[in-house]
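Reviewing the structure listed below.
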Amino acid sequence: MEPKYKRVLLKLSGEALLGNERNGDPFNPKIIEQYANEIKQLVDLGIEVAIVIGGGNIYRGMNEADSGIERAHGDYMGMLATVINAMAIQAMLEKIGVYTRLQSAINMEQVAEPYIRRKALRHLEKGRVVIFGAGTGNPYFTTDTAGSLRAIEMKADVILKGTRVDGVYSADPEKDPSPEYDLMINVANWPERRSHHWKTLLQARAIENQCFVVGVNRVGTDGNGLYHSGDSMVIDPLGQILYHQSNEEDIHTTILEKSQLDEVRTRLPFWKDGDHFLLV
């Protein structure tokens, strides 16, 4: 069976290399070995793999007022940490027979190639795993930004995010006790025969997560002859439908009131009963 994706960009967090252990070591060798073996499985399927890795297991950016380290200076420290992690992943991959190339956005020719887009593409075409270190090479940008940028530059079919949290947040979800998000966006490809399930699930997601939900679904007939009715919707935290469009393409603007969200969460604070867990 042909793989669904030919070229993937894997975004790994540095903290994910720790696994569940917190013994002071920056790496858990078993976790790195596990990642390497799973990446090898992709390579053996003929999938081209590029990797962007963070550095949070070694150095995590801190508030300048608390640490005394200027933001830009600290970001460069973080970039160096990502190169250390990239070298660790590279070593484990090559140990199990996977050809790799490490490219750094900051020149350090003794340990890595400089980032050259055309050269990286050529490595991927030859079946080598390309690991990108040092983020974008610029302060004030996260490695999530670097992952998105490299995915576009490498013409990746998909970005796979293997990090300790399940999205992008305005605050650290492990420290901030407030609800994790205010808006959930679902982009889907549900056929008309499942439109009832689609609409019901969107309302359920809004109610159980106490957030606004936007559902964007396909319209028209696909290559297999299945008709998609759209049924794109905007739903408020109580499950009330603010907008619904079926069978036609549309561009619509809805104003979402944060005050309404806060009022619902204050009056019905069952979001506080949610289980606390970490993705590793």
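Please treat every number below as a calculation from the coordinates, not as lab data. All values derive from a computational prediction rather than experimental measurement. Cβ placement follows ideal geometry from the backbone for every residue including glycine, while neighbour counts extend to all protein chains displayed.
Tabulated results
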{"quantity": "Residue among 261, 69, 212 farthest towards the positive dipole end of the chain, charges placed on Cβ", "calculated": "69"}
{"quantity": "Reach of residue 272 by Cα under 28 Å, taken over lysines that are not fewer than 8 positions away in the same chain", "calculated": "161, 175, 199, 258"}
{"quantity": "R0 of 35 Å, Cβ-Cβ distance residue 109-residue 187: FRET efficiency to nearest 0.05", "calculated": "0.25"}
{"quantity": "Chymotrypsin sites (Phe, Trp or Tyr not before Pro) restricted to DSSP loop in region 97-133 with at most 15 other C-beta within 10 Å", "calculated": "99"}
{"quantity": "Candidates 58, 39, 241, ranked by Gaussian network fluctuation over the chain, Cα under 10 Å, top entry", "calculated": "241"}
{"quantity": "Normalised per residue, the volume of the convex hull around the Cα set of region 183-273 (Å³)", "calculated": "86"}
{"quantity": "Region 7-162 - Rg and Dmax from Cα coordinates, angstrom", "calculated": "14.9, 49"}
{"quantity": "Prolate/oblate/rounded label for the chain (Cα gyration tensor, a/c 1.5)", "calculated": "oblate"}
{"quantity": "Given the chain, longest segment not containing exposed loop trypsin sites (Lys or Arg not before Pro) (DSSP; at most 15 other Cβ within 10 Å)", "calculated": "176-280"}
{"quantity": "Gaussian network model of the chain, springs between alpha carbon atoms under 10 Å - residue of 222, 25, 182 with greatest fluctuation", "calculated": "222"}
{"quantity": "Selected from 18, 268, 80 as most flexible by GNM, with the chain as the system and alpha-carbon contacts under 10 Å", "calculated": "268"}
{"quantity": "DSSP-loop GluC sites (Glu not before Pro) across region 44-149, with at most 10 other Cβ within 10 angstrom", "calculated": "109"}
